[in-house]
Amino acid sequence: MHIKLTYLVILIVLVLSGCATLEPTPTPPENIERPAGPLPPSTRPTYNLSGFPPATKEGYIDGCETAKKSEYGFKDLERYESDGQYRMGWDDGFDLCRAKE
């Protein structure tokens, strides 16, 4: 009897866990133009990016602001496709800042 009860509990757990769903990852908005004016101090990276190329730093800031859904969120699609350093920075900034939300 004890073994049948154990199997029943395991079956119930498996059935209920199959009903759980994961939220889809939101697609970041892709602005066509960079917002006018200087970026606010809040866009300064909270991670030490010294030693990284300027393109990586710029991509990080753009990706992070996009993840935070600020008015300064931006993804330079042309640069993202052609500049690996910008792309790496954008992806890292987006992932790290989204994880904080």
I'd like to check something: does the range 80-88 contain any residue that is surrounded by 18 or more Cβ atoms within 10 Å (Cβ to Cβ) and modelled with pLDDT under 85? no
If residue 91 meets every condition in (1) modelled with pLDDT of 90 or more; (2) buried (at least 16 other Cβ atoms within 10 Å of the Cβ); (3) assigned to a helix (DSSP H, G or I) apart from one, which number is that one? (2)
Quick check on residue 67: is it in contact (Cβ under 8 Å) with a residue 12 or more places away in the chain and of a type in the set (A, V, I, L, M, F, W, C)? yes
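The values are calculated or read from the model by the stated rules, or taken from the named source; none is laboratory data. Predicted model, so just to flag it, every value in this text is computed and none were measured. Reconstructed Cβ throughout: ideal geometry from the backbone, glycine too, with neighbour counts over all protein chains shown.
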